[in-house]
Structures are given as C-alpha cells and as structure tokens.
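The values are calculated or read from the model by the stated rules, or taken from the named source; none is laboratory data. This is a predicted model, so every value here is computed, not measured. Here the Cβ is made from the backbone with ideal geometry for all residues, glycine too, and neighbour counts use every protein chain on show.
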Amino acid sequence: MTSSDNGQIVVIGAGQAGLSMGYHLRQRSLPFVILDANPGVGDSWRNRWDSLRLFTPARYDGLDGMPFPAPPQSFPTKEEMANYLQAYAEHFDLPVLHGTRVESLERKAGRFVIRAGERHLEADQVVVAMSGWQHPRIPAWANDLRPDILQIHSADYRNPGQLRDGSVLVVGAGNSGAEIALDVADGRTVLLAGPDTGHVPFRVEGRIGRVMVPVVLRLLFHRVLTVNTPMGRRKRPKMIAHGEPLVRVKPGDLLEAGVGRVGRVVGVREGRPLLDADIVVDPSNVIWCTGFEPGFDWIRLPVFKDGYPDHHAGIVLDEPGLYFVGLKFLFSVSSAQVHGVGRDAARIADAIVTARENAGLPLSV
C-alpha cells in the first residue's frame, strides 16, 4: 500500500507525545496521520509492570483539552493511564494506524519517505513522537551467565510470578530498579546492584508532597530547567546522560523490605554475576533495570550527534520538515513527562504551520 497524499504530515508514535501532537495538529486543521506499532492506544503503558503507578498526581496527568478523570491528588495506575490515552484518542478522533511499525525514514526527491511493512507513505513533514527509550539495554556479557539463572529486562517484567524460586539480583538502582526490587522482595532474598542515585527528600503522596510537587513540576521542571535558561543549558547534558533521583522509593523502604544494596555488576565469573568489589553473587534470577538504547536506527538521515537526535527544542535545523517530540529534555525537564509534552507539541505545530505557509502547502484538511 502506497500513499503519496500531497501535504500530509506523518506523526510516528501514539503515546502521550504522539497524541498531544495529533491534538494540536487537529486544532490547527492540518492533514495528518499517526503511525504506531502497538495494537492499541495505551499499550506502551499496559505493557509495563503490574504495580506501576505514576509519580505525578492526576491533576498533572491530563493532556491538553481533556483532564485526567480521577481525584486530583490520586496517583494513577498504568492501566488507568492507558485507558485515559485510549479515551483521549477516541474523544478527539485522532487518526491512528495501529500495528504499523516504521522500518525506515529517509528523504527522496525532497520529500520524506516512510516505510512500514506494506505501507509506503510520503510526507512533507514528519514528527517523531517517541521517547529515547526504545530498545532494552543489556550488557553483552549477560550471555555468559549460567543458563539456569533466569534473566529478564524491566521492559518484559510484569510481576513476581514470572520468576523462578530463589534469590533475585536487580541490576540498576534507579527508579525502575528500586520499585521492582520492592515488588519482588516479599519472601525472597533480593539484592539491588548499582550506585545510590539519591532520592527526593519527601513523600510525593504526603502533605509536604502536595506543596512541593507543584513547585518541582511546574516551576523547576517546566520553567526553570529549560534550554532558554543558563541553569537549564548547564544541567541539560548531565540530565540527559544520567538517571533521576528516586522519586517514590526511599532508602528506608528498601531496608525495611530486606533489600540488600551492593555495588555495580561488572562482569561474569564462572557463570555468576561479578560485583565491582570482586565479589561473586549467586542469584536464581537477574532482572536488568539497565535502561534503554534510543532505538532510532531506522531514521536514515544525517540528524544524529553522538548517537542522539541533533535538534533545537525539537526542530531539526539541518533537515527541514523533521521534528521530535517526547525526548528527554527536548525543551525542558518536563518535555518527557505527561504534564509537559503538550507545550512542546503546540510549539512544534506552530512551527509546522509557518513552514507550510512558507512552502505554499495546504493548511487545512
């Protein structure tokens, strides 16, 4: 199937970034389609571990045009977030093509060409509305672990029922690792490997959190730490490269649950994980909470710098017509968060309008 609809905008990804982009394109009556590899809207949330809840209260979890349907101070589950995104797409009649995994994006004869299985689409503008966390990252030497050690990445972990009897080594001490370590700790010996990332010094669900969360989200993350402020520009490279402090889990929570803290896993010795203190551990299960690779190798355009998209607040200056939404610190810390993605989508939609006006392309469906 080939589509060469003149003037069409293609949005790649139907998570919160892609749906936000669709909403703002719809508000401007622009012609677009959203491509998504999943069978349904919200599946990227449904496919995460069962006990996952958002770090932000519901009052900050709605996208532009539609509040989140829950008590403002409640913290939605992953299923509630998935259902909200599905309802959002239906409410605004956003044109999502499901089961459409993009295999390549390139430019030919001045237009973008998108290949997704049997679908070949052409477009004047393309918005890549995906996070930079697409392909699970697992060290190559994981293949040297004994075959009787069950290995699973956080991307595939759902609940403790997937694990074998016996102890668990969780590799990676960021938010995912800490939360999953608590999830599997009931009745098991659990070790959490990795350096201390620090933690938010208050409970996000508590009284102090009710005061501090708005300050952190809407002032610090949304307005202070941006590409337009000296502090934001100074902090941005480090914040992109490294993880955030623990938000919900506190060191005392891990201690109370009996989760042991150990150093980095640096390799394998005789089929077992080797720690940086030259200590060998012998788990029955290893859960890799080691992050993700960007997974943008299907973009066959010279738009990368050190393996990451080179853009200015989502606009790719060296490849006119190509935009990004949803990346970590795209414009601010809030760019990869539900409450912040709409601002970026609105700005990119305005940039698309200007580009289409300058190129004489149609401005309405």
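Restricting attention to segment 274-297 and to residues that are over 18 Å from the mean Cα position of the chain (by Cα) and in contact (Cβ under 8 Å) with a residue 60 or more places away in the chain, the residue that is nearest to Gly117 (Cα to Cα) turns out to be Ile287.
Which strands (runs of 3 or more DSSP E) sit wholly inside segment 119-206 and have at least 1 residues that are within 30 Å of Val10 (Cα to Cα)? Step through it out loud before you land on a result.
Working: elements: 119-123, 125-128, 150-153, 168-171, 190-193.
Qualifying strands (runs of 3 or more DSSP E): 119-123, 125-128.
Here is a yes/no grid of residues against (1) crowded, with 22+ Cβ neighbours inside 10 Å; (2) modelled with pLDDT of 95 or more; (3) on the phi < 0 side of the Ramachandran plot:
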position	(1), (2), (3)
Val333	yes, no, yes
Gln337	no, no, yes
Val341	yes, yes, yes
Asp344	yes, yes, yes
Arg347	no, yes, yes
Asp350	no, yes, yes
Asn358	no, no, yes
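In segment 17-71, the residue that is nearest to the chain's Cα centre (by Cα) out of those that are within 30 Å of Ile114 (Cα to Cα) and of a type in the set (S, T, N, Q) is Ser44. Criterion applied to Ser20, Ser29, Ser51 was being touching a residue at least 40 places away in the same chain (Cβ under 8 Å), surrounded by fewer than 22 Cβ atoms within 10 Å (Cβ to Cβ), hydroxyl-bearing (Ser, Thr, Tyr) and farther than 23 Å from Glu179 by Cα, and the one residue passing it is Ser29.
Tally time: how many residues in segment 259-295 are closer than 21 Å to Leu163 by Cβ and not in a loop (DSSP other than H, G, I, E, B)?
First, the residues of segment 259-295 that are closer than 21 Å to Leu163 by Cβ: 259-262, 265, 268, 271-273, 275, 280-291.
Next, from what is left, pick out any that are not in a loop (DSSP other than H, G, I, E, B): 259-262, 265, 268, 272-273, 275, 280, 285-288.
Adding up the residues that qualify gives 14.
Consider Val259 carefully, then state whether it is at pLDDT 95 or above, in contact with a helix residue (DSSP H, G or I) (Cβ under 7 Å, 6 or more places away or on another chain) and closer than 30 Å to Tyr60 by Cα.
Values: at pLDDT 95 or above: yes; in contact with a helix residue (DSSP H, G or I) (Cβ under 7 Å, 6 or more places away or on another chain): yes; closer than 30 Å to Tyr60 by Cα: no.
So Val259 fails the test.
A count restricted to segment 109-118 and to residues that are in a loop (DSSP other than H, G, I, E, B) and either within 30 Å of Arg347 (Cα to Cα) or among the charged types (D, E, K, R) (or both) stands at 3.
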